[in-house]
Amino acid sequence: MAVLSKIRERSLFLIIIIALALFSFVLSGLFDGNLFNKIPSEIGEVNGEPISREDFSQQIEFFRSTSNGRASNSQNINNAWDNLVREKVYETQLKKSGVVVGERDIWDALVNQIKTQGSPQFLNEAGLFDEEKLKEYIATIQENSSEDAQGKAAWLNWLNYEKRLKNNIEQTTYNSLIRAGLNSTLAEGESNYYFQNTNVDLQYVYVPFSTISDSLVTITDDEIKSYVKKHSKDYTVEESRDIQYVVFDIKPSLDDEVEIKNELDLIINDRDEFSNAAKTTIKIIGFKNSQNMIEFYSENGSDTPFDSGFYTKNSFPKGAIATDTLFNADINEVFGPFKENGFYKLSKITEVKQLPDSVKASHILIPFLGTASSDPSVDQSEEDAKKVADSILSVIKADKSKFSEIAIELSSDKVSGAKGGDLDWFTYNRMIPEFRDYVFENKVNDIDIIKSQFGFHIIRIDGQKNIQKNIQVAIFSRKIEASEKTENALFEKAETFSSDLSSGKDITELSKENNLAVKNATLEIFDDNISQLGSQRQIVRWVFEDNAEINDIKRFDTDKGYAVVLLSKKNKAGLSIKGKNVRSIILKQKKAAFIKERSTGETLEEIAGQNNTTVNSSLAISYSSPVFAGQGRLTDIAGVVTYIDEDSLTKNIVGKNGVAFANISKKYLPTELDNYNSNKKSIQRELQGRNFQIFEAIKDNSEIIDHRAMFY
């Protein structure tokens, strides 16, 4: 009470202190730019149009829900960004074009969707599509959006569906406008026809670049810089960071394996244990004598579930226990512990049955509300569906000939229903367990009802083949994993390594001392995956922080253990030839110039002598058939020689991999056509089919500002 009393006495003083602290925080934010300027209010901009954080979050949530966990968080973020950028880019272009997609356009597209027109819930009594039913459906979703999370998610999905529909209309409209301007002329059609079909007989000399020694060509750094500057678009790189890192993977030790094996040894037989709850010693049933395997697996922590299926000798999975040994064993005879595929296992036969290897059956399926794959029109309760199934069973037992007729009329399985319920022959593992167990464990001509995730099945067993011995095997498993002791030891090792690096030791030398490998990686700001580490957005964010400095070191937790990371270099955005073939390009250019300079002869024979090669001949060379005798396919050279006049020497035809010199002895022009419209249309179709290039072109000419890295 004395403390509270003193606080009350000094309350005004405390308020002043807190106010001063807050004021100093605000001032520091103003001076270093962190408070108002550091974090932008929007995720980004496209041509001045903002992408709000709310819109971006909704898009991420949409992609997360539609991927069903198959996509990583970074993939969802990137998909959301790409989608919104595409949307904004097209919006800008449509505004410039004066094209507006209105609510009526969206509604018409929605109504005309095939899945909308064909959905039973939107059909009237006459079986025709009814717009009013669609409006009622949308109104119901909106009304339910405030009831619970599921209703809110359903409404959000619908809004996203409408938005995607609008975006598709906008993009299709704009692309159509562009394609309308991508036309071809009859003259272009004619030119293309002659280009594709003209062929020539020729003599030629071909000098590959590979015949010129690299030592004859000198390339300077200034020449490389000049080339890169001239082709800057091809060599512009984003800001990046180089890192070196060492991986510490958590792996089970030999002691861990022995401990897991000993644990399984302990639970094989019955044992006495003291119970604190009962205050006495109680008997614990072991694996060998346990009759309720599902309960045993749960109580003793198996890492794989109990498989209640039955197997023949041929169908039993191959494993550490030989199939012959297992099938000759007695019930409850235990094998193990044995090691298999990263687990220690115990196994025993729990039951033996004589079962067919295949069954022929028919069924009538009666679904109820909420069953898997049921039609949206299904609204009967489980209780009502059971009454229907019982009624059908009574009718069929009274007159078995009615089975096919009822299946055709009432079964919701339309595929088998159309065949009178016939499912044909199937093997043991083809059907869901409830269905499988009934048809394999009962007799031919038996009829009964079973319930599954799909509803109630009225089943008739029509045939069984090859009845033989089947066994049910309990395989209790423990995954071989590192113990807490092993994990702690690895953590200490990683921490010590990080500490030694921070004290100034060289990462390469230190890694050698510890028998570890140093990995290298170059990261860009939106990267997610790092080789061997997988998804590691946390590392990427760290190296791009404003206060991150070269030689900074940090330990990170990974899915498999730890990684110690060193920031080794900061690379600015700009021009770079790293990983590019600039030297190779310039080398070819210089070799082409070298060949041209020394090839001064006035005949092919003279030029061949100057290049220490021979004159070759080829017949019927065309762009479509560019195979040169002795050289193979030279498509780039063939595209030129078909335009050369007869009996004239053409020099210095520079191709991708060499220089050619040619003399056309005979030129064969294709038959002249009355009309080149088909060739014109072919060119036009090719131009108009480049939808992706349309988007990439307008995106390249858009101003895009991306702030994602500050938030994710």
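The values are calculated or read from the model by the stated rules, or taken from the named source; none is laboratory data. Since this is a predicted model, take the numbers as computed values, not measurements. We place every Cβ from the backbone using ideal geometry, glycine too, and count neighbours over all the protein chains shown.
Check Leu533, Leu523, Leu516 and return the single one that is touching a residue at least 12 places away in the same chain (Cβ under 8 Å) and within 30 Å of Thr304 (Cβ to Cβ).
Going through Leu533, Leu523, Leu516 in turn, the sole match is Leu533.
One residue alone among Ala494, Ala474 is surrounded by 14 or more Cβ atoms within 10 Å (Cβ to Cβ) and closer than 30 Å to Ile268 by Cβ, and that residue is Ala474. Restricting attention to the stretch 84-125, the residues being farther than 25 Å from Gln59 by Cα, among the polar types (S, T, N, Q) and in a helix (DSSP H, G or I) number 3. Would a scan of the stretch 419-426 turn up a residue that is touching an Asp or Glu at 6+ places or on another chain (Cβ under 7 Å) and closer than 26 Å to Ser315 by Cβ? The answer is no; no qualifying residue exists. Considering Asn300, Asn314, Asn276, the condition of being of a type in the set (S, T, N, Q), more than 25 Å from Glu434 (Cβ to Cβ) and exposed (fewer than 11 other Cβ atoms within 10 Å of the Cβ) is satisfied by Asn276 alone. Restricting the first member to the stretch 634-662 and to residues that are free of Cβ contacts under 8 Å to residues at least 60 places away in the same chain, and the second to residues that are assigned to a loop (DSSP other than H, G, I, E, B) and of a type in the set (Val, Ile, Thr), the beta-carbon pairs closer than 6 Å and six or more apart or on different chains are Thr650/Ile644. Restricting attention to the stretch 317-334, the residues being part of a loop (DSSP other than H, G, I, E, B) and either buried (at least 17 other Cβ atoms within 10 Å of the Cβ) or aliphatic (A, V, I, L, M) (or both) number 4. Starting from residues that are within 21 Å of Gly181 (Cα to Cα) and touching a residue at least 24 places away in the same chain (Cβ under 8 Å), keep the ones in the stretch 64-98 and report whichever is surrounded by the most Cβ atoms within 10 Å (Cβ to Cβ). It comes out as Tyr90.
Looking only at the stretch 56-78, which residues are among the aliphatic types (A, V, I, L, M) and at pLDDT below 80?
Within the stretch 56-78, just Ala71 meets the criteria.
For the stretch 449-460, the criterion of being touching a strand residue (DSSP E or B) at 6+ places or on another chain (Cβ under 6 Å) and of a type in the set (S, T, N, Q) is met by none of the residues.
Tell me, please, whether a residue that is farther than 18 Å from Gln453 by Cα, outside any strand (DSSP E or B), outside the structural domain of Phe287 (by TED's automatic domain parsing) and in contact (Cβ under 8 Å) with a residue 60 or more places away in the chain can be found in the stretch 379-395. Taking every residue of the stretch 379-395 in turn, at least one turns out to be farther than 18 Å from Gln453 by Cα, outside any strand (DSSP E or B), outside the structural domain of Phe287 (by TED's automatic domain parsing) and in contact (Cβ under 8 Å) with a residue 60 or more places away in the chain.
Does Leu687 satisfy the criteria of being of a type outside the set (Gly, Ala, Ser), part of a loop (DSSP other than H, G, I, E, B), outside the structural domain of Val205 (by TED's automatic domain parsing) and surrounded by fewer than 17 Cβ atoms within 10 Å (Cβ to Cβ)? When the stated conditions are applied, Leu687 does not pass them.
Yes/no per residue for (1) within 47 Å of the chain's Cα centre (by Cα); (2) of a type in the set (S, T, N, Q):
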| site | (1), (2) |
| --- | --- |
| Val565 | yes, no |
| Lys572 | yes, no |
| Ala620 | no, no |
| Thr635 | yes, yes |
| Glu646 | no, no |
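Pairs are defined by a Cβ separation below 7 Å, a sequence spacing of at least 6 or placement on different chains, a first member in the stretch 265-277 that is closer than 15 Å to Tyr297 by Cα, and a second member that is assigned to a helix (DSSP H, G or I) and of a type outside the set (A, V, I, L, M, F, W, C); the pairs so defined are Ile267/Asn300.
If only residues of the stretch 335-372 that are among the aromatic types (Phe, Trp, Tyr) and crowded, with 19+ Cβ neighbours inside 10 Å are counted, the one that is nearest to Trp425 (Cα to Cα) is Phe368. When the stretch 227-236 is filtered for residues that are closer than 16 Å to Leu587 by Cβ and either assigned by TED's automatic domain parsing to the domain that holds Asn611 or outside any helix (DSSP H, G or I) (or both), only His231 remains.
For the stretch 196-235, a residue qualifies if it is more than 42 Å from the chain's Cα centre (by Cα) and among the aliphatic types (A, V, I, L, M), and the qualifying residues are Val200, Leu202, Val205, Val207, Ile212, Leu216, Val217, Ile219.
Selection of the stretch 175-226 for residues being among the polar types (S, T, N, Q), in a helix (DSSP H, G or I) and under 21 Å from Gly658 (Cβ atoms) yields Ser210, Thr211, Ser215.
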